[in-house]
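First comes the structure, then the notes that go with it.
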Amino acid sequence: MAIFKVFYQEDRSEVIIRENTKVLYVEAETEEQVRKSLADRPYNIEFVQKLEGAHLAYEEKSPAFKVETI
């Protein structure tokens with residue numbers, strides 16, 4: 001399993017505005033699995049990034065780091 005950082009807007013119908021971007025951490029096998037599992041939510045997904053090594057270690061220090069398992 002890997003950890004993915006998902007950048008998204010809460011409303012699929014709105015235009016992406018960087019200041020409104022939210023982040024979600026998801027544990028999954030692939031990016032495709034992440035996108036499929038979030039398809040039923042009203043999110044407008046901007047970007048899905050796989051976290052590894054030093055980048056993952058840095059993100060784990062964030063107070064907002066809470067991983068969802070799908």
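The values are calculated or read from the model by the stated rules, or taken from the named source; none is laboratory data. What you see is a predicted model; the values in this text were computed from it and never measured. All Cβ positions, glycine included, derive from the backbone under ideal geometry; neighbour counts span all protein chains shown. Please note that ligands, DNA and RNA were not included when accessible areas were found on the heavy atoms of the full protein model with its side chains. Shrake-Rupley method; radii C 1.70, N 1.55, O 1.52, S 1.80 Å.
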Subject >> Amide hydrogen neighbours beyond the local backbone of I70, cut-off 5 Å, H modeled >> reply: E27
Subject >> segment 2-68 - percent of accessible surface contributed by carbon and sulfur, probe 1.4 Å >> reply: 51 percent
**OP:** Jot down the radius of gyration and Dmax of the chain, Cα atoms only, both in angstrom.
**Re:** 12.0, 35
Subject >> Karplus (6.51, -1.76, 1.60) ³J(HN,Hα), θ = phi - 60°, over segment 40-57, in Hz, Gly and Pro reported as x >> reply: 7, 8, x, 7, 9, 6, 7, 7, 10, 10, 7, 9, 9, x, 5, 5, 5, 4
Subject >> GluC sites (Glu not before Pro) within the chain: DSSP coil, no more than 14 neighbouring Cβ in 10 Å >> reply: E10, E14, E29, E52
Subject >> Mean separation of Cα contacts under 8 Å (6+ apart) over length of the chain, as relative contact order % >> reply: 45 percent
Original post:
Rounded to the nearest whole Å², what accessible area per residue is found for segment 2-68 with the 1.4 Å probe?
Top reply: 66 Å²
Subject >> Test item: Cα-centred dipole of segment 2-68, Lys/Arg +1 and Asp/Glu -1 on Cβ, debye >> reply: 80 debye
Original post:
Counting other Cβ atoms within 10 Å of each Cβ, which trypsin sites (Lys or Arg not before Pro) in segment 21-70 have at most 10 and sit in a DSSP loop?
Top reply: K61, K66
